[in-house]
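Asks: Dropping a structure here in structure tokens format, bear with me for questions.
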Amino acid sequence: MKNEFKEFYTSKIELSNPDKSTLIVLDTNVLLNIYRISKGTRKEFLDILEGLKDNLFIPYQIGLEYHLDRQSVISEFKTVKDDLFKELDARTKTFLNGMEHDINHVAIRSTDYTNKRKQVVKSIKKKVDSVLKSFKEKELNELFDLFDAETDESDRLSEILNGKVGPSYKHDEIEKIQKEGEKRYANEIPPGYADKKKKEGKLTCYNELIIQKEYGDLISWFQIIDRAKDKAIKAVVFVTDDSTKGDWYYEQKGARAELKKELLVKSNSELIIMGSNSFIKQASSQQQSNLMDFEFAGIGNNSKEIEAFTELNFKNILSEVISNRASDLEKEKAKNKLLATLLENQEHINEMLLSIDYNKDFLDKASYEHLDELKYELLNIQSLLKSRFELIEIGDHKLEELQKLMLSTKNDAFKVKLISITLASKIKYMYPD
């Protein structure tokens with residue numbers, strides 16, 4: 001059976017010392033990530049590529065995308081520190097203004113309250129400004145020192161990849177692939193169909209080539225297939241840090257079976273997809289060395305944390321930190337309110353279930369059957385409420401997640417209300433307000 005369905009199985013590949021039958025392909029985001037990872041990890045990554053240069057291959061499309069996007073990525077990381085500091089200043093100002101407003105509205109009748117209030121506000125502002133200044137000069141600077149946005153590693157990377165880039169397609173070949181892409185995307189045949197919505201209408205115009213950006217992944221894929229047709233190639237390892245590539249691989253489960261099948265049919269080669277962190281760990285002869293920089297950045301040796309840190313670029317991580325506006329107090333209030341609402345719904349459901357069981361024997365057959373239907377609906381809602389109770393008690397949720405759960409709970413409450421009205425008409429049971 002394994003022979004008939006090879007695309008559903010994955011062989012183990014030795015990356016620390018692979019033979020020439022293994023082709024290693026680096027995605028655009030992996031090449032650009034040399035500017036997004038710490039200096040130590042960057043050096044190790046380039047050292048690994050140096051040792052694997054005989055196995056490396058870069059499709060022309062990926063090489064083109066890298067060179068067109070490289071400067072914008074470098075510029076992005078040169079400004080991210082200033083952007084963060086500005087955001088922290090703005091948030092601190094908002095906090096202090098809110099605090100001053102609250103103090104000013106405390107109702108105390110005293111002849112010296114006004115002067116005392118001004119002194120308190122001034123003292124708090126001074127202390128907060130001091131803490132923020134220290135935080136910027138020490139902890140944040142230590143964090144940003146891990147990332148050297150000034151160093152351009154393109155020369156070393158270019159030397160490693162010298163002679164490893166495949167040929168460009170001609171204009172008519174690009175046109176043919178894009179027409180085929182229309183049919184593939186309409187039927188969600190991977191790869192690339194997930195890019196249609198966000199990249200549709202955008203063009204890359206370079207050296208007489210006009211490329212519709214939504215077909216960039218498909219062009220890269222065909223160039224990988226062409227290279228893998230070499231009879232000496234038995235396996236293709238595609239390294240990508242794009243965690244949204246659902247049209248390339250199943251999350252945590254490897255390459256899409258459709259892609260593996262297509263590569264097997266067209267080139268008799270096996271396809272393996274992995275993130276750069278997994279690639280580094282498997283290719284490094286010193287497995288622990290690639291963890292050191294993450295420990296300095298506050299990330300432990302937990303493999304899931306390291307994987308997440310590698311696959312998300314540094315700016316996204318900072319954005320996540322900055323955008324988390326909810327304080328612990330706000331989250332706790334939202335959580336308690338949600339639990340109270342869940343409990344209230346649960347009590348109403350229990351009352352109605354007791355009422356149904358009590359009144360069943362006094363009703364005609366049609367009403368009896370209708371009550372059974374109502375009871376079934378109530379039990380389903382009760383099960384949902386129970387699962388939400390467990391979900392809230394188990395994890396530390398963001399404010400947005402709690403708000404979504406509250407919306408769902410309110411929808412359930414509305415359903416319970418409708419059932420209670422129906423129930424009241426049957427057995428004169430009145431749902432309590």
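Asks: Determine, for each peptide in 417-423, 45-51, the mean count of other beta carbons within 10 angstrom over its residues, then list the peptides with the highest first.
Replies: By packing density, highest mean first, the sequence is 45-51, 417-423.
Asks: R0 = 22 Å: FRET efficiency of Lys39 with Ser154, Cβ-based, nearest 0.05? Could the numbers behind the result be given before it?
Replies: Details: r = 15 Å, r/R0 = 0.69.
About 0.90, to the nearest 0.05.
Asks: Pop the C-beta distance of Asn187 and Asn3 into the FRET formula with R0 = 30 Å and round what comes out to the nearest 0.05. List each step's numbers first, then the result.
Replies: Working: r = 27 Å, r/R0 = 0.91.
Efficiency, rounded to the nearest 0.05: 0.65.
Asks: Then there's this: Long-range amide H contacts for Leu56: which residues qualify at under 5 Å (H placed 1.01 Å from N, peptide plane, sequence gap of 5 or more or a different chain)?
Replies: Excluding prolines and chain starts, which carry no amide H, the hits are Ile24.
Asks: If packing is taken as the average count of other Cβ atoms within 10 Å, what order do 273-279, 263-269, 132-138 fall into, highest mean first? The partial results should precede the final answer.
Replies: Details: 273-279: 21.6, 263-269: 16.9, 132-138: 12.0.
Answer by packing, highest mean first, reads 273-279, 263-269, 132-138.
Asks: Put a dot 7 Å past each Cα toward the Cβ at Asp47 and Tyr358; how far apart are the dots in nm?
Replies: So the two model labels end up 7.7 nm from each other.
Asks: Another question, if that's okay. Please compare each pair in Lys231/Lys260; Lys199/Lys253; Lys118/Lys333; Lys199/Lys231; Lys39/Lys138; Lys20/Lys197 to a cut-off of 28 Å on the Cα-Cα distance and tell me which ones are over it. It would help to have the intermediate numbers written out before the result.
Replies: Values: Lys231/Lys260 17 Å; Lys199/Lys253 26 Å; Lys118/Lys333 30 Å; Lys199/Lys231 35 Å; Lys39/Lys138 19 Å; Lys20/Lys197 38 Å.
The pairs that break the limit, which is 28 Å between Cα atoms, are Lys118/Lys333; Lys199/Lys231; Lys20/Lys197.
Asks: To continue, here is another question. In whole Hz, what ³J(HN,Hα) sequence does the range 190-206 give by Karplus (6.51, -1.76, 1.60; θ = phi - 60°), x for Gly and Pro?
Replies: After applying 6.51 cos²θ - 1.76 cosθ + 1.60, I find x, x, x, 5, 5, 7, 4, 5, 7, 10, 4, x, 8, 10, 10, 10, 8 Hz.
Asks: In nm, give the distance between the simple-model label positions of Asp172 and Asn411, each being 7 Å from the Cα along the Cα-to-Cβ direction.
Replies: Using points 7 Å along Cα→Cβ, the separation is 5.4 nm.
Asks: Heavy atoms only, probe 1.4 Å: what % of the accessible area of the range 198-260 goes to carbon and sulfur, would you let me know? Write down the numbers at each step before the final one.
Replies: Details: 1470 of 3140 Å².
So the carbon and sulfur contribution to the accessible surface is 47 percent.
Asks: For the range 85-100, in order, what is each residue's ³J(HN,Hα) by Karplus, 6.51 cos²θ - 1.76 cosθ + 1.60 with θ = phi - 60°, in whole Hz (x at glycine and Pro)?
Replies: 4, 5, 5, 5, 4, 5, 5, 5, 4, 4, 4, 5, 5, x, 5, 4
Asks: Under a plain spin-label model, where a point goes 7 Å from the Cα along Cα-to-Cβ, how far apart in nm are Ile210 and Asn350?
Replies: Between Ile210 and Asn350, the simple spin-label model gives 7.0 nm.
Asks: Something else now. For Glu270, which sequence-distant residues (separation of 5 or more, or a different chain) have an amide H within less than 5 Å of its own amide H, given hydrogens modelled in the peptide plane?
Replies: Sorted by chain and number, the residues that satisfy this are Ala235, Val236.
Asks: Taking the Cα of Asp54, stepping 7 Å toward and past its beta carbon, and measuring to each backbone N in the range 19-45: which are under 12 Å?
Replies: 19-22
The values are calculated or read from the model by the stated rules, or taken from the named source; none is laboratory data. In this text the structure is predicted, and so the values were computed from the model without any measurement. Note that we place each Cβ from the backbone using ideal geometry, even for glycine, and neighbour counts take in every protein chain shown. Calculation scope for accessible area: heavy atoms of the full protein, side chains included, ligands and nucleic acids excluded. Shrake-Rupley method; radii C 1.70, N 1.55, O 1.52, S 1.80 Å.
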